[in-house]
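The values are calculated or read from the model by the stated rules, or taken from the named source; none is laboratory data. Owing to the predicted nature of the structure, the values given are computational and were not obtained by experimental measurement. Every residue, glycine as well, gets a Cβ built from its backbone with ideal geometry; the counts of neighbours run over all protein chains shown.
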Amino acid sequence: MKKKLIVVADDFGFSEAYNYGVIKAYKEGIVTALSLMSNMAAAPHAVQLWRSECPEASLVQHTNFVQYRPVSKPEDVPSLVDENGMFYRSYRWRSEQKDDPKCKGDIYPTYEDFYTETMAQLERHKELTGRYPNHFEGHSAMTKPMDKAFADVGEKMGIHNMAMYDKPYPGIRQTFELLLQGPAREKGAMEILNRGSLPEDFFEDRFCLLDSPHEINILHFHPGYLDQYLLDNTSLTLPRCRDLQTLCDPSVRRWLEEHEIELVDFNAVYE
């Protein structure tokens, strides 16, 4: 079985400087899918770059509940927003994992609000790009109500999403998220996202790609440049530049070719 790998550039639309880096990671690197945060102020800029620089690139949905403001009216998603109608940041959320280093608060949004805002962001995605994405996922944090909302929206819309990972659905092939499932997570591969990836992470197979028993595998990165908006609104800063350099390193592409790993996008999940 020849392995396939989907390499996702998360956070497309987070800021204008970051957007330029994502485009570079696709045009010069191994990124195969750009994951758009359709609610963000820089989302139109991201889509403009996509149209002018690489309209053939797969543009999917990075559904976001913790940055900027919702696409929905704030009164329609009250458990997700503060008194100013802005999303609660992820550190305000209550985690379902005791050792979660990020979510330390008491906010626990409802299934209904996740469902409403997921649908709204998909509609915004279509408004910006002219079509629905063929995949969507969540940004930064994950809870059981969010997972159920994703599963229900995905089933209703017929769109592959992170709630479907490694689960059978009619007409949709199973996929495997290397950093969220399996031995790579157990070995601390998530720390790679926090420090930024290095070519050695591929060469030493720290993502456990070579041992994956699955045909279609997924890796997420954050390749991009920095600007003041990013510096003010996320703790993940310098690792984004490291991801960009690594994913554009020709030796990484050669390593994938030597191991007969085919780079694909989310079109590969549809039978």
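Structure above, values below:
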| quantity | calculated |
| --- | --- |
| Unmet requirement for M146, which otherwise passes all of (1) more than 20 Å from M119 (Cα to Cα); (2) in contact with a Pro (Cβ under 9 Å, 6 or more places away or on another chain); (3) touching a residue at least 60 places away in the same chain (Cβ under 8 Å) | (1) |
| Helices (runs of 4 or more DSSP H) fully within segment 185-238 counting 3 or more residues that are surrounded by 17 or more Cβ atoms within 10 Å (Cβ to Cβ) and of a type outside the set (F, W, Y) | none |
| Filter result (of a type in the set (A, V, I, L, M, F, W, C) and touching a Ser or Thr at 6+ places or on another chain (Cβ under 6 Å)) within segment 244-263 | L263 |
| Any hit, segment 82-94, residues being touching a His at 6+ places or on another chain (Cβ under 7 Å), buried (at least 21 other Cβ atoms within 10 Å of the Cβ) and either under 21 Å from V153 (Cβ atoms) or in contact (Cβ under 8 Å) with a residue 24 or more places away in the chain (or both) | no |
| Residues of segment 243-265 that turn out to be in a helix (DSSP H, G or I) and either among the polar types (S, T, N, Q) or more than 17 Å from the chain's Cα centre (by Cα) (or both), as a count | 11 |
| Pair list, Cβ under 9 Å, 6 or more apart: segment 168-186 residue modelled with pLDDT of 90 or more, other residue polar (S, T, N, Q) | T175/N217; F176/S212; F176/N217; E177/N217; L178/S212; L178/N217 |
| Test result for D227, within 25 Å of R254 (Cα to Cα) and out of contact with any Phe, Trp or Tyr (no Cβ under 6 Å at 6 or more places or on another chain) | no |
| Top-ranked residue in segment 37-56 [being crowded, with 19+ Cβ neighbours inside 10 Å and among the small types (G, A, S); ranked as farthest from T129 (Cα to Cα)] | A42 |
| Single match in Q121, Q67, Q97, Q61 (criterion: without any contact (Cβ under 8 Å) to a residue 24 or more places away in the chain and not hydrophobic (A, V, I, L, M, F, W, C)) | Q97 |
| Count - residues of segment 9-20 that are of a type outside the set (D, E), in contact (Cβ under 8 Å) with a residue 60 or more places away in the chain and buried (at least 24 other Cβ atoms within 10 Å of the Cβ) | 5 |
| All positions within segment 140-164 that are part of a loop (DSSP other than H, G, I, E, B), closer than 19 Å to D265 by Cβ and touching a Phe, Trp or Tyr at 6+ places or on another chain (Cβ under 7 Å) | I159 |
